[in-house]
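What follows is a single structure, written as structure tokens, with notes after it.
The values are calculated or read from the model by the stated rules, or taken from the named source; none is laboratory data. What you see is a predicted model; the values in this text were computed from it and never measured. Ideal geometry is used to build each Cβ from the backbone, glycine not excepted, and the neighbour counts take in all protein chains shown. Ligands, DNA and RNA are stripped out before the accessible areas are found, and what is left, the full protein with its side chains, is counted by its heavy atoms. Shrake-Rupley method; radii C 1.70, N 1.55, O 1.52, S 1.80 Å.
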Amino acid sequence: MEKAGGLRRNTELFLLFVGAIPVFLLYAMYMITARSTLSLETMAVPIGLFAAFTVAHIAIRFLAPAADPAILPIVFVLSGIGITMVTRLAPNLAVNQTIWLFISVVVMIVVLAVIRNLDALARYKYSIGILGVILLLLPIVIGQDRYGAKLWISFGAFTFQPGELAKIAITLFLAFYLALNREALSVSMRSFGPFRIPRFKMLLLVIFERDLGSALLFFVFFVIMLYVATGRASYVFVSIALLAIGGVVLYHFFGHVQTRVNIWLDPFKDPAGDGYQIVQSLYSIADG
């Protein structure tokens, strides 16, 4: 086991170095485009990110040696690309984004140090699930409506989306619950002619906000975990059918869903307004 853990960590370190290549190159390209001289000072952001994720790697080596070796390098590359893009588009916001990224790495290490056994955490699965639901409902009570969804909570100059934390809590709850009840879920089927389908109550996933992106994410998490826990493909097929039906219903009942679908179909109908982001992305792809 120790040998396998060491091999995974060595793979992770190698992938971090590989991932550093596009991160450093992309940031260097931005600096050159901005007519800045390449130096340790101007390249401080990608260097700092690489250092932070290297520290995270060292922590994982000691605290979670059997962890998946690909996740940390992937997060590093995506974070590096994201910080570069934010720096190019809104330099005044990039500092806060970078600080929060460093804080997130520290929090990750703290979580690894404090929660050494997931089985112990599983005892609190219902408390975690309730916390997730509370975080989902919180914006309904004191949240702000932006672009058709109530997602944000403000405390003075500080704003955040409780739904982002809710995603973690609900995903943990689903994982723990399905692991405990996999046998009951796998045998809880109804016969429909030659087919066996899940009981309807096993497919219910109630979302209390109009944050449909998060609703879709929770639904996909639920279906994937349900399939992994039970091995029943029928859950997947029935869920896809329900998702298609739900999408049609939501299109007719939510104006912002209609807007987004129409933008997707014809972004050039309003290139300076609703279709601005898609149009700009299409031009960016065309420009390489």
Practice task
Report yes if some residue within the range 16-32 is open to solvent by 50 Å² or more (accessible area, probe 1.4 Å), touching a helix residue (DSSP H, G or I) at 6+ places or on another chain (Cβ under 7 Å) and free of Cβ contacts under 8 Å to residues at least 12 places away in the same chain; otherwise report no.
Solution key: no
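When the residues of the range 139-171 are filtered to those that are assigned to a helix (DSSP H, G or I) and open to solvent by less than 60 Å² (accessible area, probe 1.4 Å), which remaining residue is modelled with the highest pLDDT?
Keep residues of the range 139-171 that are assigned to a helix (DSSP H, G or I), which gives 139-142, 162-171.
Adding the requirement that they be open to solvent by less than 60 Å² (accessible area, probe 1.4 Å) leaves 139, 162-163, 166-167, 169-171.
Values: Pro139: 74, Pro162: 77, Gly163: 75, Ala166: 81, Lys167: 80, Ala169: 85, Ile170: 80, Thr171: 80.
Per the stated criteria, the residue is Ala169.
Leu112 - would you say it is within 21 Å of the chain's Cα centre (by Cα) and open to solvent by 80 Å² or more (accessible area, probe 1.4 Å)?
Numbers: within 21 Å of the chain's Cα centre (by Cα): yes; open to solvent by 80 Å² or more (accessible area, probe 1.4 Å): no.
For Leu112, the condition - within 21 Å of the chain's Cα centre (by Cα) and open to solvent by 80 Å² or more (accessible area, probe 1.4 Å) - is not met.
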Practice task
Kindly establish whether Tyr251 is at pLDDT below 85, over 27 Å from Gln161 (Cα atoms) and part of a helix (DSSP H, G or I).
Solution key: no
Handout entry: Residue under evaluation Gln97, criteria (1) at pLDDT below 90; (2) in contact with a Leu (Cβ under 9 Å, 6 or more places away or on another chain); (3) open to solvent by 90 Å² or more (accessible area, probe 1.4 Å); (4) in a helix (DSSP H, G or I), criterion not met
Key = (2)
Problem - Selected residue (criterion: farthest from Leu216 (Cα to Cα)) from residues of the range 248-288 that are touching a Pro at 6+ places or on another chain (Cβ under 8 Å) and open to solvent by less than 70 Å² (accessible area, probe 1.4 Å) - result: Val279
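Anything in the range 81-94 that is surrounded by fewer than 12 Cβ atoms within 10 Å (Cβ to Cβ) and either touching a residue at least 40 places away in the same chain (Cβ under 8 Å) or in a helix (DSSP H, G or I) (or both)? List them, or say none. Quick ask: steps written out before the conclusion?
Taking the range 81-94 as the starting set, the residues that turn out to be surrounded by fewer than 12 Cβ atoms within 10 Å (Cβ to Cβ) are 89-93.
Once the filter is applied, which keeps residues that are surrounded by fewer than 12 Cβ atoms within 10 Å (Cβ to Cβ) and either touching a residue at least 40 places away in the same chain (Cβ under 8 Å) or in a helix (DSSP H, G or I) (or both), the range 81-94 yields Leu89, Pro91, Asn92, Leu93.
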Practice task
Spot the failing condition for Ala120; the list is (1) more than 22 Å from Phe62 (Cα to Cα); (2) at pLDDT below 85; (3) open to solvent by 30 Å² or more (accessible area, probe 1.4 Å), and only one is missed.
Solution key: (1)
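Given the options Pro46, Pro69, name the one that is open to solvent by less than 40 Å² (accessible area, probe 1.4 Å), under 16 Å from Phe17 (Cβ atoms), not hydroxyl-bearing (Ser, Thr, Tyr) and not in a helix (DSSP H, G or I). Show your work before the answer.
On the way: Pro46 fails: not in a helix (DSSP H, G or I).
One residue alone meets the criteria, Pro69.
Considering the range 265-284 alone, what residues qualify as being β-branched (Val, Ile, Thr) and farther than 20 Å from Tyr251 by Cα?
So the first thing to find is which residues in the range 265-284 are β-branched (Val, Ile, Thr), and the list is 278-279.
Within the range 265-284, just Val279 meets the criteria.
Residue-wise test of (1) modelled with pLDDT under 75; (2) open to solvent by 50 Å² or more (accessible area, probe 1.4 Å).
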residue	(1), (2)
Arg210	yes, yes
Ala215	yes, no
Val220	no, yes
Ala229	yes, no
Ser239	no, no
Ala244	no, yes
Practice task
Could you tell me which numbered condition Thr54 fails, if it satisfies all but one of (1) at pLDDT 95 or above; (2) in a loop (DSSP other than H, G, I, E, B); (3) of a type in the set (Val, Ile, Thr)?
Solution key: (2)
Fill in the blank from the handout: Of the conditions (1) assigned to a helix (DSSP H, G or I); (2) free of Cβ contacts under 8 Å to residues at least 60 places away in the same chain, the single one that His256 does not satisfy is (2)
